[in-house]
Amino acid sequence: MIGKVYNIPPQPPVADRNRLLPAGVLTFGVEYRSVDPESLRATYEDNDEHLAELDARSPEGGFFDTGVSIHVCGTADGREYLRFDVFDDEPHYHYIHRTTDGSVVNQVIDFDRVANGDMLRWVIDLLRTRLAEMLRAAGGELLAAQLDPLALDPVIEQIAAHAEQALRSS
């Protein structure tokens, strides 16, 4: 696997800040997020293994960043398969895998602004052109096979508009 691999699931979206946009078998979330060491520790405080990995893998002073997250979830199961963190300092994206025992393998890939340009534009293009392939890479083969372009296209436009608005409002 490329990128950084964690055995910690990504920090869940904050429900009252996460704008949900259903598109057939997928539901997208658009959320402006602020990540800091205190909120991360609070997320994982009930799991000693996750806390230990967070402490071991955190940079000195902890993780701090802000920006828009775009969540890609199954509509029926609510499971998050992909996440795009269009963050100010360290933009990245996630493939969120599940093992046979239900645990999470969180594959985080840094975004290269020099090679790829503006991350939000890159994400919107990927959602239009590579979503099925990315879902399959995250274990969402059944969802990838059921994607409906007629349901996706207008929602992708809404994702772009909501993400742009969140970035302007920050």
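Read the figures in this text as sums done on the coordinates, not as results from a lab. Not measured: the values here are computed from a predicted model. Every residue, glycine among them, receives a Cβ derived from its backbone with ideal geometry; neighbour counts consider all protein chains shown.
Figures for the structure shown
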{"read-out": "Extended-chain gain in nm, criterion 0.36 nm per residue less alpha-carbon gap, D55 and D36", "value": "5.6 nm"}
{"read-out": "For the chain, calculated [θ]222 nm from helices alone, where every DSSP H run of n ≥ 4 adds -39500 (n - 2.57)", "value": "-11000 deg cm²/dmol"}
{"read-out": "Most positive-pole-ward Cα, S69, A151, V14, against dipole of the chain from beta carbon charges", "value": "A151"}
{"read-out": "Alpha carbon convex hull of the chain, volume per residue in cubic angstrom", "value": "124"}
{"read-out": "GNM result for the chain, Cα springs below 10 Å: residue of V104, V14, V72 fluctuating most strongly", "value": "V14"}
{"read-out": "Charge dipole (debye, nearest 20) of the chain; +1 at Cβ of Lys and Arg, -1 at Cβ of Asp and Glu", "value": "560"}
{"read-out": "Full-extension gain in nm, S103 to N7, via 0.36 nm per residue minus C-alpha separation", "value": "33.8 nm"}
{"read-out": "FRET efficiency for Q146 and D118, using Cβ-Cβ distance with R0 set to 22 Å, rounded to 0.05", "value": "0.15"}
